[in-house]
């Protein structure tokens, strides 16, 4: 059993995208696989696999569409290159530039992923610090000690 938040983090998509998919596209397939506990939505392993399969199908469809467009464009380029020989050389230069840009994009995507992981780690550290502060304040309140660095209300009023 996973919460939608954990599932979204593991799949790398937003919680909203998962909820949209659950309510619109996969409503009937996910019946019986979704459980709400204390207003938190959980999904079992079978439901998780249904969502993953759906995402994979969508990605494959997008890739197939992109390949069809590339095939059509390659055919048009080949016809044009036969008609005008200097175009073939120009097309080759452009294709090399595209390969270079693809490599640069892959490197940027890797860098972005690393930055996202760092932000997540910083958030965890901040949560830990906030928890320590809360525990410290709670223990001070339990002992009814004034908060360090801040004078009591009466001292502030009478400025002693």
Could you count how many residues in the stretch 35-51 are touching a strand residue (DSSP E or B) at 6+ places or on another chain (Cβ under 8 Å) and either at positive phi or without any contact (Cβ under 8 Å) to a residue 24 or more places away in the chain (or both)?
2
Suppose the filter is more than 20 Å from the chain's Cα centre (by Cα), surrounded by 12 or more Cβ atoms within 10 Å (Cβ to Cβ) and modelled with pLDDT of 85 or more; does residue 35 pass it?
yes
Which helices (runs of 4 or more DSSP H) sit wholly inside the stretch 45-160 and have at least 3 residues that are at pLDDT below 75?
45-83, 85-143
Tell me the residue from 26, 30 that is surrounded by 16 or more Cβ atoms within 10 Å (Cβ to Cβ), more than 21 Å from the chain's Cα centre (by Cα) and either in contact (Cβ under 8 Å) with a residue 12 or more places away in the chain or on the phi > 0 side of the Ramachandran plot (or both), please.
30
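The values are calculated or read from the model by the stated rules, or taken from the named source; none is laboratory data. The structure displayed is predicted, hence computed values, not measured ones. Neighbour counts run over all protein chains shown; Cβ positions are idealised from the backbone, glycine included.
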